[in-house]
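Shown next, in structure tokens, is the structure this report addresses.
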């Protein structure tokens, strides 16, 4: 069955994260519930990115689809290039990929956008075929609260010293046991992860960006790293505290978990397709050049 790869951007402010979920109809979470009730009587789906796009795609292709995402971003986390995939029996000679993206976007709210739609190989898995991904955390510093950027950055009243932040960030690069930088309920068999890069950049006189990439991350790991670097910038933690948190796995030695709103999934990279998979993609693209 033909498979499609979507690149998606969204403002996570009013989403309950990426992953589809529902709650009892009398739940306090209902202010951000989706418009339609779930199949289970008495339960209502929350407004999630997966549910929202899945519903829009189903309207366009006129059949049930299951949308699989690469990263289960939390409530309030944003994305510049989330990757998702779905399979559909839609005629390859029907809507082109560009028209398919336009049709889906016409059914989406202003806070979510399908940037592109392209055919991929039939076994493409957004999670297992991922090689690495990158995140950015924005911190707005100083006594004046951000107005226009308040949804996409964390405000701290304190001035941050960027030099020790950069030194601490460099210490996190490489393969380490990041147990000290994960929530207790991370649910993973191992806490060993590889950070490929971790940089701190002064965007302007008030905004600092923490950019981190890796082959995979633990639950809240990036937000805890951001909180740790924030506290290093405040001189509440030192480089020794960071290395001790790595060495001991003691969560108490690292910094706080910063709010979700400052975090954005920036990009995801995938392995190169095999020769056979490349052929599948080429055939799909050729089919789309045929007029219906």
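The values are calculated or read from the model by the stated rules, or taken from the named source; none is laboratory data. Since the structure is predicted, the reported quantities are computational estimates derived from the model, not experimental observations. Cβ coordinates were reconstructed from backbone atoms using ideal geometry, including for glycine residues, and neighbour counts include every protein chain displayed.
So here's what we get for this one:
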{"quantity": "Of all residues in region 106-132 being in contact (Cβ under 8 Å) with a residue 40 or more places away in the chain and within 19 Å of residue 14 (Cβ to Cβ), the one that is farthest from the chain's Cα centre (by Cα)", "calculated": "107"}
{"quantity": "Any strands (runs of 3 or more DSSP E) falling wholly within region 60-175 and containing at least 2 residues that are touching a helix residue (DSSP H, G or I) at 6+ places or on another chain (Cβ under 7 Å) and assigned by TED's automatic domain parsing to the domain that holds residue 283", "calculated": "78-87, 112-120"}
{"quantity": "Single match in 245, 284, 254, 260 (criterion: touching a residue at least 12 places away in the same chain (Cβ under 8 Å) and not assigned by TED's automatic domain parsing to the domain that holds residue 179)", "calculated": "284"}
